[in-house]
Every structure is written in structure tokens, then in C-alpha cells.
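Heads up: the structure comes next, in C-alpha cells.
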């Protein structure tokens, strides 16, 4: 899990790479966005950490990084536009490392909004991953309209966006799509983060796009 710095539009971004086992061909290059930095979200958020580890176990290389102003990353929080530019910088970094690999865009909560706003319109991105998506707080219509494959993970007791609200959004999403609801899990999957990893492996273990 080497610590990296990547070049961001507002300065250096603190980052971590979770790599597959040595000698494994990289199935996909994945960029993960973290929850809202002004509410404690960082690249070390437990569910983001578990998602990255799960992706590495199924042969992907996962980049997680701190958005501008979070952790040791340069810059100041911009409530969306700047963080989307940071995410694109993460995609640039991963494309340079793995130019022939499929690229996936994912994130959790605020980071899901960032990833799933950038990802649908970025031709490099083939697959979209949303964890604990706050679809009632942010505009997720770009991902709903996207024909790219999408995989969602949500907590049954999410207090930010109810599972009922998430299912209504999911019903509007174009195929192909899959949703896993984790029983009794809240927005941050407290006590349930290993189940986020399990869901990642179940959904994407055999995925090849």
C-alpha cells in the first residue's frame, strides 16, 4: 500500500495505492472518492479502505486520495467543482500507470457524487461504483441516465438517504445495474464495513469491463 502524491489542479494530492498480488495482471484501474471532508471523510474512512482492499483482492489496482484541503492534500474545499477536478487528476494518474486496463470510477457518499458525476461523461471510465449514495442531497441524474454498468451498495438503515429513496432512484437508472443492500447498516456502515468488502467482491469479482 504505497503512499503516493499525485499532481492535482490545486497542488499535490495525498494518495494511497492498493495493489493486487505481485505478478497479477491488473484487471482494472479504479479511482475511489471519499465522504465529505468537512464531516470527517478521508481516504482512510473505513468503508473506503475496505472497498480498496476488496478491489485489490479481485485483481484491481485502486487509488484512493484525499480531496483538496483534506489530510495533507493542498488546496481548499470547494463543495464539488474542485473535487471533481481532483478526481479527474486521479483518473489521469491511473491511466498513465495502466493505459490498457479498464478504468472504473467509484466513491462513497459525497465521494460517490463526485465520482458518479465525472465518470458517466469520461470516455475512459467503463464502470461506475456508488457506495452510500446521498441521492436526495446531490444531483445523481448523470449516473441514472448513463448506459455504463453501475454497481451500488447501500445500508438498510442509512440515515442520510433511506433505502426507499435509494430504490426509487435505482428504478430510474438505466441498465445494466446491480444493487446490494446491507442489512441493518447505517450511512457509514458502522460495524458492517467488512460487508462492504464482501459486496464489492460479490458484485465485481467476475466483472470484465
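Criterion applied to 100, 96 was being without any contact (Cβ under 8 Å) to a residue 24 or more places away in the chain, part of a loop (DSSP other than H, G, I, E, B), over 15 Å from the mean Cα position of the chain (by Cα) and at negative phi, and the one residue passing it is 100. Scanning the range 180-209 for residues that are out of contact with any strand residue (DSSP E or B) (no Cβ under 8 Å at 6 or more places or on another chain) and assigned to a helix (DSSP H, G or I) yields 193, 194, 197, 198, 201.
Taken as a whole, the condition of being surrounded by fewer than 21 Cβ atoms within 10 Å (Cβ to Cβ), modelled with pLDDT of 95 or more, under 14 Å from the mean Cα position of the chain (by Cα) and closer than 23 Å to residue 209 by Cβ applies to residue 53. Could you tell me whether any residue of the range 3-17 is within 16 Å of the chain's Cα centre (by Cα) and under 16 Å from residue 131 (Cβ atoms)? Taking every residue of the range 3-17 in turn, none turns out to be within 16 Å of the chain's Cα centre (by Cα) and under 16 Å from residue 131 (Cβ atoms). Filtered by the rule that a residue be surrounded by fewer than 18 Cβ atoms within 10 Å (Cβ to Cβ) and within 17 Å of the chain's Cα centre (by Cα), the range 59-78 gives a lone residue, 59. Of the residues making up the range 128-168, those that are crowded, with 21+ Cβ neighbours inside 10 Å and not in a loop (DSSP other than H, G, I, E, B) are 128, 129, 130, 131, 143, 150, 151, 152, 153, 154, 155, 166. Each residue in the range 103-120 was checked for being assigned to a helix (DSSP H, G or I) and more than 16 Å from residue 173 (Cβ to Cβ), and 4 pass. Contact annotation: residue pairs with Cβ atoms under 8 Å, 6 or more positions apart or on different chains, pairing a residue in the range 62-88 that is at positive phi and in contact (Cβ under 8 Å) with a residue 60 or more places away in the chain with a partner that is part of a strand (DSSP E or B) and surrounded by fewer than 18 Cβ atoms within 10 Å (Cβ to Cβ), are 75/11.
Within the range 1-34, being under 16 Å from residue 82 (Cβ atoms) and assigned to a loop (DSSP other than H, G, I, E, B) holds for 9, 10, 34. Answer yes if at least one residue in the range 69-83 is assigned to a helix (DSSP H, G or I), under 19 Å from residue 124 (Cα atoms) and out of contact with any strand residue (DSSP E or B) (no Cβ under 6 Å at 6 or more places or on another chain), and no otherwise. There is at least one residue in the range 69-83 that is assigned to a helix (DSSP H, G or I), under 19 Å from residue 124 (Cα atoms) and out of contact with any strand residue (DSSP E or B) (no Cβ under 6 Å at 6 or more places or on another chain).
If you check every pair at least six apart or on different chains, which have Cβ atoms under 8 Å apart with a residue in the range 118-144 that is farther than 24 Å from residue 155 by Cβ first and a residue that is surrounded by fewer than 16 Cβ atoms within 10 Å (Cβ to Cβ) and at pLDDT below 95 second? Correct list of pairs: 126/209. Looking across the range 1-22 at every residue that is touching a residue at least 40 places away in the same chain (Cβ under 8 Å) and out of contact with any strand residue (DSSP E or B) (no Cβ under 9 Å at 6 or more places or on another chain), the one that is surrounded by the most Cβ atoms within 10 Å (Cβ to Cβ) is identified as 10.
The values are calculated or read from the model by the stated rules, or taken from the named source; none is laboratory data. Owing to the predicted nature of the structure, the values given are computational and were not obtained by experimental measurement. Here Cβ is always computed from backbone atoms with ideal geometry, including for glycine, and neighbour counts include all displayed protein chains.
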